[in-house]
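Participant: Provided herewith is a single structure, encoded as structure tokens, for subsequent inquiry.
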Amino acid sequence: MWKRAIKVSFLLVVALAAAVVVRTVRLQPATVQVPSVAPVVLDDAGAVQRFVGAIQIPTESLYGQPPNAEAIGKFRDYLQSSFPHVAAQLPREVLKDGAVIYTWKGRDEAAAPVVLMGHMDVVPVPAEVLPEWKHPPYSGVLADGFIWGRGTIDDKIHVLSLLEAAETLLGTGFTPARTILFCFGDDEENGGSYGAQEIVAELKARGVHPEFVLDEGGAVVSGIVPGVSQPLAIIGTAEKGYLDLSLSTVGAGGHSSEPPQHTAIGVLAAALVKLEAHPFPTSLPAVVREQYAAIAPYLPVTQRAVLANLWLFAPLVVKQGVNDPRTGGNFRTTTAETMVNGGFKDNALPPSAKAIVNFRILPGETIESVVKRVRAIVDDPTVTVAIDNPGAARDPSPASPLDGAGYETLVTTIHEFFPTAAVSPYLVNAGTDAGFYTSLTPNVYRFLALEADPSVLTMIHGLNERVAPEKYLKTVRFTVQLIENIR
């Protein structure tokens with residue numbers, strides 16, 4: 001009997017190995033016919049100077065506070081004066097919150113429009129880190145082969161490249177095949193994105209259901225996936241949800257010479273320790289599986305075998321990936337304890353203590369399920385768990401299809417401008433304004449045609465944000481071609 005069992009086990013192992021080998025061998029890079037395109041002629045010097053001028057306007061958004069109306073207004077005026085064809089030919093609406101919609105009517109006005117979007121605001125630069133900037137963050141200076149300043153990557157590059165492309169095409173008398181809406185939020189960085197929500201509400205009231213939406217998110221990246229030698233054009237097809245929870249407790253106060261067993265700060269600290277000690281369970285969302293399927297053909301054979309056979313190796317992939325902060329967000333809802341307040345004097349007991357914990361919600365979870373789990377983990381009636389900044393809270397977005405006209409147009413244009421790049425969907429771990437547009441259309445994509453390496457990714461919300469002028473100009477040229485490719 002045992003001999004038969006050994007034989008059966010051996011045959012099973014052979015069958016599994018054969019299946020792994022076959023699937024690995026079959027998974028090869030797709031052959032792409034790269035279409036030829038005519039060179040896009042730009043006013044290079046003028047485009048760079050217009051971008052520089054935009055960087056010099058400090059449109060900072062402070063977390064939880066209304067937009068800087070004066071700076072945003074100055075920026076809107078700058079756009080109008082910098083792009084005269086756009087100002088003269090594209091009707092502009094400034095919504096109550098300060099967000100902007102430009103309408104470029106297409107040849108077929110009955111066709112569903114396309115939304116090309118970005119945000120006008122930037123994250124603040126704290127005074128204490130200013131000495132660490134090589135050039136002032138709102139100088140827009142051209143030095144050492146770069147344009148320096150906050151917004152050169154996130155996200156004035158998107159706003160300016162869109163309008164620069166429109167200005168260029170309008171100057172030739174071009175009319176797009178279908179109407180294009182340029183939608184620019186004014187407060188993406190303050191945690192609320194009320195400008196984007198107002199735009200979406202306005203479009204919904206008009207019965208607008210876009211053919212597709214394109215926002216910031218992905219890029220043409222190199223050197224971020226070990227084993228992949230060519231650039232990866234990563235397109236965000238879904239994004240994680242966003243939630244801030246406040247954990248708060250109160251104490252009796254009094255003199256520190258007569259402390260209770262646990263002060264309000266101690267009680268809160270114990271709750272925070274529990275949260276970090278009990279991370280959310282792991283899983284492998286469908287969008288991450290799609291990403292691995294797209295990347296796998298370009299990997300060395302060992303890595304390719306793993307990703308080509310997730311039916312067998314998914315637990316191993318998750319186990320290895322979840323412990324790396326760069327990839328861990330692909331596999332679970334993340335818990336980040338980001339702000340703590342409590343106490344007012346060294347010799348006085350704190351009457352209260354409060355912490356903010358940020359969660360990026362994995363597809364499969366919801367705001368409701370996260371709140372329920374956090375309360376169960378804390379398990380302390382003296383600690384109140386509540387949603388902080390409710391306007392910013394949102395569930396994970398649904399995944400957008402990979403076979404729609406918008407995705408195909410984007411991929412075609414990528415192949416035209418980055419012929420060696422492999423194209424891959426991915427799950428956006430951060431939040432974008434695009435997440436609100438999924439109520440209007442399932443076709444929501446996140447991509448900026450900017451060539452980037454790991455060093456560029458550290459500049460987002462960080463120090464010495466900068467971009468090479470030639471890379472910015474390539475982004476503009478890509479956008480011109482993308483608009484021409486829209487059908």
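The values are calculated or read from the model by the stated rules, or taken from the named source; none is laboratory data. Not measured: the values here are computed from a predicted model. Cβ placement follows ideal geometry from the backbone for every residue including glycine, while neighbour counts extend to all protein chains displayed.
Participant: Report whether or not Ala47 is crowded, with 20+ Cβ neighbours inside 10 Å, farther than 30 Å from Pro297 by Cα and out of contact with any strand residue (DSSP E or B) (no Cβ under 7 Å at 6 or more places or on another chain). Don't jump to the end; show me each part of the working.
Facilitator: Details: crowded, with 20+ Cβ neighbours inside 10 Å: yes; farther than 30 Å from Pro297 by Cα: yes; out of contact with any strand residue (DSSP E or B) (no Cβ under 7 Å at 6 or more places or on another chain): yes.
Against the criterion (crowded, with 20+ Cβ neighbours inside 10 Å, farther than 30 Å from Pro297 by Cα and out of contact with any strand residue (DSSP E or B) (no Cβ under 7 Å at 6 or more places or on another chain)), Ala47 qualifies.
Participant: Can you say whether Leu160 is crowded, with 24+ Cβ neighbours inside 10 Å, at pLDDT 95 or above and in a strand (DSSP E or B), as far as the supplied structure shows? Break it down stepwise before answering.
Facilitator: Details: crowded, with 24+ Cβ neighbours inside 10 Å: yes; at pLDDT 95 or above: yes; in a strand (DSSP E or B): no.
Against the criterion (crowded, with 24+ Cβ neighbours inside 10 Å, at pLDDT 95 or above and in a strand (DSSP E or B)), Leu160 does not qualify.
Participant: Another question, then. Among the listed residues Ala205, Ala201, identify the single one that is surrounded by fewer than 16 Cβ atoms within 10 Å (Cβ to Cβ) and under 18 Å from Ala392 (Cα atoms).
Facilitator: When all the criteria are applied, what remains is Ala201.
Participant: Tally time: how many residues in region 223-263 are modelled with pLDDT under 95, part of a loop (DSSP other than H, G, I, E, B) and in contact with a strand residue (DSSP E or B) (Cβ under 8 Å, 6 or more places away or on another chain)?
Facilitator: Of the residues in region 223-263, 8 are modelled with pLDDT under 95, part of a loop (DSSP other than H, G, I, E, B) and in contact with a strand residue (DSSP E or B) (Cβ under 8 Å, 6 or more places away or on another chain).
Participant: Just checking, does region 204-212 include any residue being part of a helix (DSSP H, G or I) and more than 29 Å from Gln49 (Cβ to Cβ)?
Facilitator: Let us first name the residues in region 204-212 that are part of a helix (DSSP H, G or I), namely 204-205.
So of that shortlist, the ones also more than 29 Å from Gln49 (Cβ to Cβ) come out as 204-205.
The answer is yes, given that some residue of region 204-212 is part of a helix (DSSP H, G or I) and more than 29 Å from Gln49 (Cβ to Cβ).
Participant: Out of all the residues in region 444-452, is one or more surrounded by 16 or more Cβ atoms within 10 Å (Cβ to Cβ) and touching an Asp or Glu at 6+ places or on another chain (Cβ under 7 Å)?
Facilitator: Within region 444-452 (the criterion being surrounded by 16 or more Cβ atoms within 10 Å (Cβ to Cβ) and touching an Asp or Glu at 6+ places or on another chain (Cβ under 7 Å)), the answer is yes, since at least one residue qualifies.
Participant: Filter region 61-78 down to residues that are under 24 Å from the mean Cα position of the chain (by Cα) and either basic (Lys, Arg) or buried (at least 21 other Cβ atoms within 10 Å of the Cβ) (or both) and give me whichever is modelled with the lowest pLDDT.
Facilitator: That would be Pro67.
Participant: Separate question: Can you find even one residue in region 125-139 that is touching a helix residue (DSSP H, G or I) at 6+ places or on another chain (Cβ under 9 Å) and free of Cβ contacts under 8 Å to residues at least 40 places away in the same chain? Don't jump to the end; show me each part of the working.
Facilitator: Kept after step one, since they are touching a helix residue (DSSP H, G or I) at 6+ places or on another chain (Cβ under 9 Å), are these residues of region 125-139: 136-139.
Still in the list and also free of Cβ contacts under 8 Å to residues at least 40 places away in the same chain: 136.
Within region 125-139, one or more residues are touching a helix residue (DSSP H, G or I) at 6+ places or on another chain (Cβ under 9 Å) and free of Cβ contacts under 8 Å to residues at least 40 places away in the same chain.
Participant: Name the pairs: first residue in region 72-94 and assigned to a helix (DSSP H, G or I), second residue surrounded by 15 or more Cβ atoms within 10 Å (Cβ to Cβ) and basic (Lys, Arg), Cβ to Cβ under 6 Å, at least 6 apart or on different chains?
Facilitator: Correct list of pairs: Ser82/Arg50.
Participant: How many residues does region 403-451 hold that are part of a loop (DSSP other than H, G, I, E, B) and touching a residue at least 40 places away in the same chain (Cβ under 8 Å)?
Facilitator: To start, the set of residues in region 403-451 that are part of a loop (DSSP other than H, G, I, E, B) comprises 403-404, 418-421, 429-432, 440-443.
Keeping just the survivors that are touching a residue at least 40 places away in the same chain (Cβ under 8 Å) gives 404, 418-421, 429-432, 440-443.
Counting residues in region 403-451 that are part of a loop (DSSP other than H, G, I, E, B) and touching a residue at least 40 places away in the same chain (Cβ under 8 Å) gives 13.
Participant: Would you point out the residue of region 453-464, among those that are assigned to a helix (DSSP H, G or I) and free of Cβ contacts under 8 Å to residues at least 60 places away in the same chain, that is surrounded by the most Cβ atoms within 10 Å (Cβ to Cβ)?
Facilitator: Step one: list which residues in region 453-464 are assigned to a helix (DSSP H, G or I), which gives 454-459.
Next cut, free of Cβ contacts under 8 Å to residues at least 60 places away in the same chain only: 455, 458.
On the way: Ser455: 9, Thr458: 12.
Looking at residues that are assigned to a helix (DSSP H, G or I) and free of Cβ contacts under 8 Å to residues at least 60 places away in the same chain, I get Thr458.
Participant: Another question, if that's okay. Of all residues in region 467-486, how many are in contact with a helix residue (DSSP H, G or I) (Cβ under 7 Å, 6 or more places away or on another chain) and outside any helix (DSSP H, G or I)?
Facilitator: Of the residues in that region, 2 qualify.
Participant: Can you tell me which of Ala165, Ala205, Ala143 is under 28 Å from Leu463 (Cα atoms) and out of contact with any Asp or Glu (no Cβ under 7 Å at 6 or more places or on another chain)?
Facilitator: Values: Ala165 fails: under 28 Å from Leu463 (Cα atoms); Ala205 fails: under 28 Å from Leu463 (Cα atoms).
The match here is Ala143.
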